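For reference, the structure is listed below as structure tokens.
The values are calculated or read from the model by the stated rules, or taken from the named source; none is laboratory data. Quick caveat, the model's predicted, so the values are computed rather than measured. In this analysis, Cβ positions are derived from the backbone assuming ideal geometry, glycine residues included, and neighbour counts consider all displayed protein chains.
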Amino acid sequence: MYDINRAESAVTQQDIKISAKDVQVYYGDKHAIKDVNVEILDKTVTAFIGPSGCGKSTFLRCINRMNDTIPIARIEGKIALDGEDIYDRRVDPVQLRAKVGMVFQKPNPFPKSIYDNVAYGPRIHGLSRNKAELDEIVEKSLRGAALWNEVKDRLNEPGTGLSGGQQQRLCIARAVATAPEVLLMDEPCSALDPIATGQVEELIDQLRSEYSVVIVTHSMQQAARVSQKTAFFHLGNLVEYGETDDIFTKPQDSRTEAYISGRIG
Amino acid sequence: MPLSWALLASLLLAVAGYLIGRSRAYATAGSDIRNLHSRPTYHGASVALLTLTPAIIVMIVASLLRMAKTLSPEAAGLVGLFALAAAIAGLGWGITRIGAGYQARNVVERIVLGVLIFCSSIAILTTAGIVLSLIFETGHFFQKYNWLGFFFGTEWTPRFQGNSALGILPLLWGTLYISVIALLVAVPIGMFAAIYMSEYASKRVRGIAKPAIEILAGIPTIVYGLFALITVGPMLRDYFAQPLGLGNSGSSVLTAGLVMGIMLIPFVSSLSDDIINAVPQSMRDGALGLGSTPSETIRQVVLPAALPGVVGAVLLAASRAIGETMIVVLGAGAAARLGLNPFEAMTTITVKIVSQLTGDNDFAAPETLVAFALGLTLFVITLGLNIVALYIVRKYREQYE
């Protein structure tokens, strides 16, 4: 079933979900993102790669306006979700973030039970009318995050008591439960061991059937494994963007080639 | 020889010992300093400490003996000589020990450890001493006054000619009533101020507002008392008590409670602010990233994570409210009364301790000794509160870490 989805998405689901035009980001005096133009497709995993400090996380945080919480950050240009400018004055960042979920580098479960962690989003957005519906959302999200079998008997225990890999999958379940359209992941595996990383990567591949997933990663192997599209950032510029296979086998730019062959970064 | 001179002489000897020890260490080292086990400064310090420690021990033992009345005060000169002799002996012994193989560093470390342990035991022993003296005097009190009458008596009318009613209940009631009002004022205002300052305020506002609130903490409580006496008390009487027909008293429970609450605001807000700031930013990012509003984030994620600390802060504030005296004297008056009307004068345990111990004291009369029983009761209440606070903080910290 999962193979059918993949084939389908490769052929028919090529709608543009997010498009960025001439995006500039400044942190105080620092010009962190320069002239970024990119079109992110629906039902696709897009990887942002590049050396540390190249701006890939900064750009990711622009997509759900998380940079709004940093007082010195300033954004210019246009980012559109389904054709609508997300920096328009009428757009409420709170509503936007419900549509564009985010998973962070370090697992950050809330100090609540596993159940309450997953139910958090549905509760604040009023996605369920009664307890039975909420139970269903929680179970579906935990199954979606491949965590259900491990935690179904201890849903009332604190989420902070899980292992690192389980915590990160809990955070993914929490993001999925909010029913977003886009899922942003900021180095979701950097705090995880290889086994947990494998589980999360498998999960990302499954999420692709329903969401547009954007993942920032330091690991080129990971980008090659999970993504269909790859964008290479360097010193605040989007250097190259294209099919993942092309980026890794026949990069057009000399900087991309230098990075993937390990000479810069 | 007076003790102060002996102490000064020992100090000088210690300085000399340091210099001698260091130069001797250099001398024994010869051309290569690495021949020594410890650096020369450690040799010097070991001689100095070996000079000073015996002298100080002699003086401490002597003063303990004098307190126990086995040593007459006239023997001070002798004690000084003894101390000096001990210092000289220590100096001589320290100097002779210096050599390439002597582990001066370890000796110094051990003496430093000893000093640290000594200081912490002083803190603990003092507490024990305070409690013991309270218990001792309370025992005297209960020999003269029935404990049932003290703990369950509803009347407080001390008469110095005897035949007093010394029931703690009116005082306990006043204490709790005023403290509860103070906490009702301080906790919400302090918490909301802390939330504003840690979550919403810009750096500039925070830089001005936080010190401004903390200035409140530096005001002596007697000044708050004056504020209660000349401003809050009359205001409450003229605008609330009299129009509502609830009383004519300038001093009232509400006055003292309000002003005490104001006193506690910086206490609650500054502790809560630190605790809220300690909640990791990743929690807030997580909640905001799921589309919560700032206030949902605070209510559902930040505050639950900060809760154990906040509860601890509130209970600490409660301990302070229960122990507060000056604001009550000037704000609530000195009438021991059991009543519900917040516009009436009432009084607290601490105020009555002061009034029972000022003036001519007869330490055989229950009217004076009752102060110690009151003090012990207060001590037990605040101790209980602190234990509960610590228990809550520990329990939840384990769960969330």
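Values computed for the structure shown
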{"item": "Qualifying residue in region B:14-26 (condition: at pLDDT below 85 and either in the same structural domain as residue B:109 (by TED's automatic domain parsing) or not in a helix (DSSP H, G or I) (or both))", "result": "no"}
{"item": "Which numbered condition residue A:107 misses (of (1) over 26 Å from residue A:218 (Cα atoms); (2) more than 8 Å from every other protein chain (Cβ to nearest Cβ))", "result": "(1)"}
{"item": "Of all residues in region B:1-13 being in a helix (DSSP H, G or I) and at pLDDT below 90, the one that is nearest to residue B:103 (Cα to Cα)", "result": "B:7"}
{"item": "Residue within region A:66-88 that is in contact with a strand residue (DSSP E or B) (Cβ under 9 Å, 6 or more places away or on another chain), hydrophobic (A, V, I, L, M, F, W, C) and within 9 Å of chain B (Cβ to nearest Cβ) present", "result": "yes"}
{"item": "Single residue of A:101, A:55 found to be of a type in the set (Gly, Ala, Ser), more than 13 Å from chain B (Cβ to nearest Cβ) and crowded, with 22+ Cβ neighbours inside 10 Å", "result": "A:55"}
{"item": "Hits in region A:127-146 - residues which are modelled with pLDDT of 90 or more and either within 14 Å of chain B (Cβ to nearest Cβ) or in contact with a helix residue (DSSP H, G or I) (Cβ under 7 Å, 6 or more places away or on another chain) (or both)", "result": "A:134, A:137, A:138, A:139, A:141, A:142"}
{"item": "Residue within region B:222-231 that is polar (S, T, N, Q) and within 29 Å of the chain's Cα centre (by Cα) present", "result": "no"}
{"item": "Per-region count, region B:274-287, residues facing chain A (nearest Cβ under 8 Å) and not in a helix (DSSP H, G or I)", "result": "1"}
{"item": "Members of region B:192-242 found to be in contact with a helix residue (DSSP H, G or I) (Cβ under 8 Å, 6 or more places away or on another chain), touching a residue at least 60 places away in the same chain (Cβ under 8 Å), surrounded by 14 or more Cβ atoms within 10 Å (Cβ to Cβ) and aliphatic (A, V, I, L, M), listed by number", "result": "B:193, B:194, B:195, B:197, B:226, B:228, B:229, B:232, B:236"}
{"item": "Qualifying residue in region A:115-125 (condition: of a type in the set (Lys, Arg), within 13 Å of chain B (Cβ to nearest Cβ), under 30 Å from residue A:40 (Cβ atoms) and in contact (Cβ under 8 Å) with a residue 24 or more places away in the chain)", "result": "no"}
{"item": "Test for residue B:270: is it within 14 Å of chain A (Cβ to nearest Cβ), part of a helix (DSSP H, G or I) and of a type in the set (Ser, Thr, Tyr)", "result": "no"}
{"item": "Count - residues of region B:288-299 that are within 7 Å of chain A (Cβ to nearest Cβ) and either over 24 Å from residue A:181 (Cα atoms) or assigned to a helix (DSSP H, G or I) (or both)", "result": "3"}
{"item": "Residue in region B:81-92 that is farther than 25 Å from residue B:113 by Cβ and not in a helix (DSSP H, G or I) present", "result": "no"}
{"item": "Residue satisfying all of: in region B:198-230; part of a helix (DSSP H, G or I) and within 17 Å of residue B:317 (Cβ to Cβ); nearest to the other protein chains (Cβ to nearest Cβ) among these", "result": "B:213"}
{"item": "Condition check for residue B:259: more than 14 Å from chain A (Cβ to nearest Cβ), under 17 Å from residue B:174 (Cβ atoms), among the hydrophobic types (A, V, I, L, M, F, W, C) and buried (at least 23 other Cβ atoms within 10 Å of the Cβ)", "result": "yes"}
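Results for (1) under 18 Å from the mean Cα position of the chain (by Cα); (2) buried (at least 20 other Cβ atoms within 10 Å of the Cβ); (3) of a type in the set (Lys, Arg), shown as yes or no for each residue.
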{"residue": "A:168", "(1), (2), (3)": "yes, yes, no"}
{"residue": "A:175", "(1), (2), (3)": "yes, yes, no"}
{"residue": "A:187", "(1), (2), (3)": "yes, yes, no"}
{"residue": "A:195", "(1), (2), (3)": "no, no, no"}
{"residue": "A:206", "(1), (2), (3)": "yes, no, no"}
{"residue": "A:224", "(1), (2), (3)": "yes, no, no"}
{"residue": "A:229", "(1), (2), (3)": "yes, yes, yes"}
{"residue": "A:251", "(1), (2), (3)": "no, yes, no"}
{"residue": "A:263", "(1), (2), (3)": "no, no, yes"}
